[in-house]
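Participant: Next up is a structure, given as structure tokens.
Readers should treat all values here as calculations from the given coordinates under stated rules, not as data from a laboratory. All values derive from a computational prediction rather than experimental measurement. Please note: Cβ atoms are built from the backbone with ideal geometry, for glycine as well, and neighbour counts cover all protein chains shown.
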Amino acid sequence: MNNTDIKRITPKNITDKEFFYGHKACAGCGGSLAVRLALKVLGERTFAVLPAGCMSAVGFIYPQMAFVNNAIISTFPGAASMASGISVGARALGLKDYKTVVFAGDGGTADIGIQALSGAIDRNEDIIYVCYDNEAYMNTGIQKSGLTPYGTKTTTTPAGKNIHGAQTFKKNLFEIMAAHEIAYAATASVGYPQDYIDKINKAKHTKGTSFIHVYATCPTGWGIPTEIAIQIAKEAVDSGLFYLAEYQNRNFKLNKNPKSFFPVKDYLLKQSRFKHLTDNDIKIIEQQRDEKWEYMRKHWN
Amino acid sequence: MSKKLFISGDEAVAIGTKLSRPNVISAYPITPQTVTVERLSEMVESGELKAEYMHVESEHSAMSAAMGVSAVGARAFTATSSQGLLYMAEGLHYASGGRYPIVMMNANRSLALPWSIYGDQRDSLSLLDSGWIQVYVEDAQEALDMIIQAYKIAENKDVLTPFMVNLDGFVLTHTYELVEIPEQEKVDKFLPPFQTPNKMSFEEPKNMAFSTTPADNLEYKYQQNRAMLNSIDVINDVDKEFGDKFDRYYGGMVQEYRCDDADVVIFTLGSITGTVRMIVDKLRDEGKKVGLLKIRYMRPFPEKEIIKLAGKVKAIGVVEKDISFGYEGTVYTNVNSALSKLDNAPLSLDFLCGMGGRDVSKSDIYNMFISLFKAVNGEKQKRVQFINMGVETDE
Ligand SMILES: Cc1ncc(C[n+]2csc(CCOP(=O)(O)OP(=O)(O)O)c2C)c(N)n1
Ligand code: SF4
Ligand SMILES: [Mg+2]
């Protein structure tokens, strides 16, 4: 379907119906907002699959079930394959007009679940895979994942005199997905909800596999007050440490290309996970950001 | 009219699967299961089998996809062996806890290390506690028939438990025999389409596979155990119904052979049964009172049947292609747990053999019976015996 044919969902016409409530997520949780908004776009004829991780942990505590639509917890590595089975099984039974969506964390996606996800994209399964990225294994107590940024203090990358937190950079998850020549891939942030909603809507109208990588604040794991949860998710994009982009038909597109960046330092030092960073650490982070943007500006659009 | 085909065990499983009309097959290749998934792929290609074939990227995903299929109320099939079975171990417990009646063929094969593609039963026996019904078949005919029965038993509303059909790698998967192919119409009457309350639907949305607190968990495990115990009656009923329709009865939980007045009985699992049956005949011709008990199901365990038989005999030998390191064979441990419920249990010996595909000859079996008779006559025998070892040991 041509992207312009899709009826836009905006704050004016978005449904009042709630599909994810009564859960036990912390106040200000970006992941739960990503799930809530996506389901409003996808509607009740949706099967949601959630691997082990915060969103499944807070949403399915018997007898308090938080999803109005069909939802199921998968094994930690098996979200994409269980969603594939649901999508294919429903088709085999002759079901029409339904969606299958995964909501998985950064660890469940970029680390332990990447094999099953790669397989699902290879088969071009008719599923939407949403990775809510809170940049660590939160459910198990803030350990480092493949999407934890450089310098982050986690419980397995302590910030000490010798090592200042995580020593690796975020995996290029979006580009790894695009390298599969996936039907549709995008990055988003809960700080830019309209952009996120548009992308979920586009995924809804895409045949085959869609992937959306949404930046999702975690006040508990990042050490920030809940009231700045959305602001932080905006600043991550504005500072250039996260970016909004899309991939379709072998084309990359930057949705937001700021002339100047919000100061990295101001974004980082609000969060206790980055409080220990030295000027030199921040220089390394900025340098990495600049290289990335140089590449994106040259090759995308 | 049903017809007969000269086919391998793997092919028999493929045909049994086709006749059971699964909606989706998700599988990953591994020797010696491969022929089964190749045949199924061909059947899907030709349109002979109206099912979706999912080319999953691993066994973990094969099981994960099968659970997704079952969770929307569709019939799922998968097949694996050895390393693949262990790779999906997380999913095995998950599927039984979720009460998804998936049917899986497992080609029994040794586990690395050392690497070996040949048969033994350490793969499935190491997963006895995963909550799957486990049947072990003796030949290709039984393999075909048990796939059909498996769906009927697993999908029974009082059971809703996944089902593993085990057949010995190579000895069964790759040897050819004449197999009677049931007619599709008759199978359709025997096995109606899958219906389950345990599914997600748009009429009745559900949140499935949830978490529990310590306040609720044990009750789920109790129910799961009850379901497995319920399957015993269902297994026996289905065996009878299948026999009435297709003229082949397997005896349900176990199959006895010449046990009526036997003093010494050997218990078997899988394809070795045929060899033991021949030796029983030979010894009977020599006037020795011997018999054979083919254990068909390891889970649920045929405790009642074993106790009933054991009360009448003097010695039991367990032949198994398995060892639980640091103790004894797992089948033997299970049999002895049943024997412990008798006031005067017969003596028992454990014969560990056939591991990694090692041959078990007729004379090996003959010698096991001799050892059992010696034990009955008071001559001391090793309780756990490694059969057909290639080297001398200092024991
Ligand atoms: C096979 C397996 N390994 C480890 C775990 C433990 N585990 C459960 S959730 C989790 C972390 C999830 O992190 P992420 O995917 O980023 O989601 P988040 O909790 O941050 O929302 C881990 C390590 C598990 N459940 N299964
Ligand atoms: S720990 Fe973080 S991701 Fe988990 S529920 Fe709380 S805010 Fe959300
Ligand atoms: Mg995370």
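Participant: If we sort A:173-183, B:260-270 on the protection proxy, mean other Cβ atoms within 10 Å, highest first, what's the order?
Facilitator: Working: A:173-183: 18.7, B:260-270: 22.8.
Answer by packing, highest mean first, reads B:260-270, A:173-183.
Participant: For the range B:3-246, what proportion of DSSP beta bridges, expressed in % and rounded to the nearest 5, is antiparallel?
Facilitator: Details: 6 of 25 bridges.
So the antiparallel bridges in the range B:3-246 amount to around 25 percent.
Participant: Separation between the B:Asp285 and B:Asp359 pseudo-spin-labels, each 7 Å from Cα along Cα→Cβ, expressed in nm?
Facilitator: With each label placed 7 Å out from Cα toward Cβ, I get 2.1 nm.
Participant: Only Cα pairs under 8 Å and at least 6 apart count here; give the relative contact order of chain A as a rounded whole percent.
Facilitator: 17 percent
Participant: Sort the range A:146-227 into rounded, prolate or oblate with this rule: let a ≥ b ≥ c be the square roots of the eigenvalues of the Cα gyration tensor; rounded if a/c is under 1.5, and if a/c is not under 1.5, prolate when a/b is larger than b/c, oblate otherwise.
Facilitator: oblate
Participant: Would you mind pulling out the separation of the Cα centroids of the range A:214-249 and the range B:274-293, in Å?
Facilitator: When both Cα centres are located, 75 Å separates them.
Participant: What number do you get for the range B:1-86 when its Cα radius of gyration is normalised by 2.2 N^0.38 Å, N = residues?
Facilitator: 1.07
Participant: Also, I was wondering about something else. Work out, in µm²/s and without decimals, the Stokes-Einstein translational diffusion coefficient of the range B:182-267 at 10 °C, 1.306 mPa s, Rh from Kirkwood over C-alpha pairs.
Facilitator: For these conditions, the coefficient is 91 µm²/s.
Participant: Right, something else. How far, in degrees from 0 to 90, does helix A:229-238 lean away from the longest principal axis of the Cα atoms of chain A, to the nearest 10?
Facilitator: 70 degrees
Participant: How many angstrom lie between the Cα centre of the range B:321-395 and the Cα centre of the range A:272-297?
Facilitator: Taking the Cα centre of each part, the range B:321-395 and the range A:272-297 sit 67 Å apart.
Participant: Tell me the Kirkwood radius of the range A:3-299: reciprocal of the mean inverse pair distance over distinct alpha-carbon atoms, in Å.
Facilitator: 19.3 Å
Participant: Give me B:Glu392, B:Glu138 sorted ascending by neighbouring Cβ count inside 10 Å, so fewest comes first.
Facilitator: Going from sparsest to densest Cβ surroundings: B:Glu392, B:Glu138.
Participant: What FRET efficiency, computed as 1/(1 + (r/R0)^6) with R0 = 56 Å and r the Cβ-Cβ distance, is obtained for B:Glu256 and A:Glu44, rounded to the nearest 0.05?
Facilitator: Efficiency, from the Cβ-Cβ distance: 0.50.
Participant: What shape does the range B:254-386 have by the C-alpha gyration tensor, where a ≥ b ≥ c are the square roots of the eigenvalues, rounded means a/c under 1.5, and otherwise prolate means a/b greater than b/c and oblate the rest?
Facilitator: Working: a/c = 1.22, a/b = 1.02, b/c = 1.19.
Rounded is the answer for the range B:254-386, as its axis ratio a/c remains below 1.5.
Participant: What shape does the protein assembly as shown have by the C-alpha gyration tensor, where a ≥ b ≥ c are the square roots of the eigenvalues, rounded means a/c under 1.5, and otherwise prolate means a/b greater than b/c and oblate the rest?
Facilitator: Verdict is prolate for the protein assembly as shown.
Participant: Something else now. Would you mind ranking B:Leu167, A:Leu241 by Cβ crowding within 10 Å, fewest neighbours first?
Facilitator: Ordered by Cβ neighbours within 10 Å, fewest first: A:Leu241, B:Leu167.
Participant: What ranking of A:Lys234, B:Lys374 emerges when the number of other C-beta atoms within 10 Å of each C-beta is taken as an exposure proxy, fewest first? Don't skip to the answer; put the middle values down first.
Facilitator: Details: A:Lys234 19, B:Lys374 14.
The fewest-first ordering by Cβ neighbours comes to B:Lys374, A:Lys234.
Participant: Roughly what angle does helix A:279-299 make with the longest principal axis of chain A, taking Cα atoms, 0 to 90 degrees, to the nearest 10?
Facilitator: 50 degrees
Participant: Another question, then. Which is farthest toward the positive dipole end of chain B among B:Leu40, B:Pro192, B:Leu85, measuring Cα position about the Cα centre, with Cβ charges +1 (Lys, Arg) and -1 (Asp, Glu)?
Facilitator: Farthest along the dipole direction, towards plus: B:Pro192.
Participant: What are the semi-axes of the equivalent ellipsoid of the range A:4-101, taken as the square roots of 5 times the eigenvalues of the Cα gyration tensor, listed largest first and rounded to whole Å?
Facilitator: Working through the eigenvalues yields semi-axes of 21, 21, 11 Å.
Participant: Add +1 for every Lys or Arg and -1 for every Asp or Glu among the other residues with Cβ under 14 Å from the Cβ of B:Lys374, and state the total.
Facilitator: Cβ neighbours under 14 Å give a net charge of +3.
Participant: When only Cα pairs under 8 Å and 6 or more residues apart are kept, what is the percent relative contact order across the range B:254-386?
Facilitator: Worked out over the range B:254-386, it gives 27 percent.
Participant: Which lysines have a Cα less than 19 Å from the Cα of A:Lys17, not counting those fewer than 8 places away in the same chain?
Facilitator: Excluding near neighbours in sequence, the set is A:Lys7, A:Lys40, A:Lys99, A:Lys204, B:Lys206.
Participant: State, in angstrom, two size descriptors of the range B:3-246 derived from its alpha carbons: Rg to one decimal place and Dmax to the nearest whole number.
Facilitator: Cα only, the range B:3-246: 17.0, 55 Å (Rg, Dmax).
Participant: Roughly how many whole Å is it from the C-alpha centroid of the range A:142-197 to that of the range B:129-155?
Facilitator: 46 Å
Participant: Using the Cα centre of the protein assembly as shown as the reference point, and only Cβ charges (+1 on K/R, -1 on D/E), how large is the resulting charge dipole? Debye, rounded to the nearest 20.
Facilitator: Dipole of the protein assembly as shown, to the nearest 20 debye: 1960 debye.
Participant: Could I ask something else about it? Mind checking the dipole of chain A: about its Cα centre, +1 per Lys or Arg Cβ, -1 per Asp or Glu Cβ, Debye to the nearest 20? Mind showing how you got there, number by number?
Facilitator: Working: 35 positive and 27 negative charges, 61 e Å.
Here the size comes out at about 300 debye.
Participant: Quick one: which of B:211-217, B:56-62, A:152-158, B:360-366 comes out on top by average Cβ neighbours within 10 Å, and what's the full order, highest first?
Facilitator: Packing proxy ranking, top to bottom: B:56-62, A:152-158, B:360-366, B:211-217.
Participant: Antiparallel as a % of all DSSP beta bridges within the protein assembly as shown, to the nearest 5? Spell out each step's value before the answer.
Facilitator: Working: 23 of 89 bridges.
Percent antiparallel among DSSP bridges in the protein assembly as shown is about 25.
Participant: Oh, and also: Nearest-5 percent of antiparallel DSSP beta bridges in the range B:254-386?
Facilitator: Among the beta bridges of the range B:254-386, antiparallel pairing accounts for roughly 20 percent.
Participant: Let me ask another. DSSP loop (so not H, G, I, E, B), at most 16 other Cβ within 10 Å: list which chymotrypsin sites (Phe, Trp or Tyr not before Pro) in the range B:200-249 pass both filters.
Facilitator: Passing sites in the range B:200-249 are B:Phe202, B:Tyr249.
Participant: Work out the length of the dipole vector of the range A:203-296 about its Cα centre, built from +1 on the beta-carbon of each Lys and Arg and -1 on the beta-carbon of each Asp and Glu, and round it to the nearest 20 debye.
Facilitator: Approximately 420 debye in magnitude.
Participant: Can you list the equivalent-ellipsoid semi-axes of the range A:57-147, largest first and in whole Å, using the square root of 5 times each Cα gyration tensor eigenvalue?
Facilitator: After diagonalising the Cα gyration tensor, the semi-axes are 24, 18, 9 Å.
Participant: I'd like to know which of A:Ala185, A:Gln287, A:Ala57 lies farthest towards the positive end of the charge dipole of the protein assembly as shown, counting +1 on Cβ of Lys and Arg and -1 on Cβ of Asp and Glu.
Facilitator: Of A:Ala185, A:Gln287, A:Ala57, it is A:Gln287.
Participant: Pairs of Cα atoms under 8 Å, at least six residues apart: use those to get the relative contact order of chain B, whole percent.
Facilitator: Relative contact order for chain B comes out at 16 percent.
Participant: Also, I was wondering about something else. Above 19 Å lies some portion of the pair distances; for the range A:168-267, what is it as a whole percent of all C-alpha pairs? Numbers along the way, then the final one.
Facilitator: On the way: 2238 of 4950 pairs.
I get 45 percent for the Cα pairs in the range A:168-267 exceeding 19 Å.
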